[in-house]
Amino acid sequence: PIDDTLLDEIRGQFDGYDWGQLTDNFLRVNIFNPDLTWDDWTIGLANLTQITALANDLGFKGIVFDTEQYGAVDIFDYPAQNNKDSRSFDAYSELAFQRGIDAMQAIHEGYPDITLIYTFGITQRITWVNSPPLEQHRYGLLVPFIEGMISVTNPSVTLIDGYESSYLYRTEQEFSTAYKWIRGGVSTQLADGERYRNTMQAGFGLWIDPYCGEGGLPESGCGFTADEFEQALTLALAHSDNYVWLYNEYIDWFEDVGIPSNWHEVMSQFKR
């Protein structure tokens, strides 16, 4: 269960905060517990309602639902499930679908008109060449989970595939192809493709400083140059339905330490 003290600390940090030009702000929520199974989500669902209610109270646009499986987390990986020998993939899929319904209903309770960005959406299972079948895919159970969420999503809720797989995209073809997959292509493989197409929007993620090493900056011979990133960001914004989100590991925009001025010039062009 979530520690109420932690929620109070977050509330204390952001209650009445003047965001200035940062108009659409999101709380990030991870699926992170390596002991989480599909059988009992009672605590997690209560946590989800509390978190989304907090986001609503504090004026956040919504949450970033980080569905990446970090470390020992393997909730979406059927071959890693404890009961796979006695429970079929189809049985797990039905349970994942129900948990998706449960999760969305918990979110509705906390924030009825929320905007939710998935880091990995249903498209995660088709971003690889010759992607394996769902029962062998590390994110195979993410598909029925999100399908369950979609099946009960209120019209006032906005769902966005944030498409983390675009982290290193640089070309028009890459963004254009991904957009088509998100908005329609993947729907042909779903039980209710029409509802998916009518519900899921497209976004993109970009990783500013990939492979830079601790203390590295994009200008030090790794990742994007400022000009390359300007082009990637231009293309991402042109092809998304609304949102593009940025990830960085080593540079720190908030502390503004050692960031070359030309990067600030690039970013200042994209206020929206």
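A few points about this structure:
- Qualifying residues in region 14-24 (those that are closer than 30 Å to GLY121 by Cα and out of contact with any Leu (no Cβ under 7 Å at 6 or more places or on another chain)) - the one most open to solvent (accessible area, probe 1.4 Å): GLN21
- In this structure, TYR179 does not satisfy being under 16 Å from PHE120 (Cα atoms), in contact with a Leu (Cβ under 6 Å, 6 or more places away or on another chain) and touching a residue at least 12 places away in the same chain (Cβ under 8 Å).
- Annotation note: of LEU27, LEU45, the sole residue that is in a strand (DSSP E or B) and either surrounded by 15 or more Cβ atoms within 10 Å (Cβ to Cβ) or touching a Cys at 6+ places or on another chain (Cβ under 8 Å) (or both) is LEU27.
- Meets criteria (at pLDDT below 85, under 21 Å from the mean Cα position of the chain (by Cα), part of a loop (DSSP other than H, G, I, E, B) and acidic (Asp, Glu)) for GLU255: no
- Residue ID - surrounded by the fewest Cβ atoms within 10 Å (Cβ to Cβ), chosen from residues in region 87-129 that are modelled with pLDDT of 95 or more and among the hydroxyl-bearing types (Ser, Thr, Tyr): SER88
- Test: ASP66 is charged (D, E, K, R), in contact with a strand residue (DSSP E or B) (Cβ under 6 Å, 6 or more places away or on another chain) and at pLDDT 95 or above: yes
- Some residue of region 207-230 being touching a Phe, Trp or Tyr at 6+ places or on another chain (Cβ under 7 Å) and in contact (Cβ under 8 Å) with a residue 60 or more places away in the chain: no
The values are calculated or read from the model by the stated rules, or taken from the named source; none is laboratory data. A quick note: this is a predicted structure, and the numbers were derived from the prediction, not measured. So basically every Cβ, Gly included, is an ideal-geometry build from the backbone, and we count neighbours across all protein chains shown. Please note that ligands, DNA and RNA were not included when accessible areas were found on the heavy atoms of the full protein model with its side chains. Shrake-Rupley method; radii C 1.70, N 1.55, O 1.52, S 1.80 Å.
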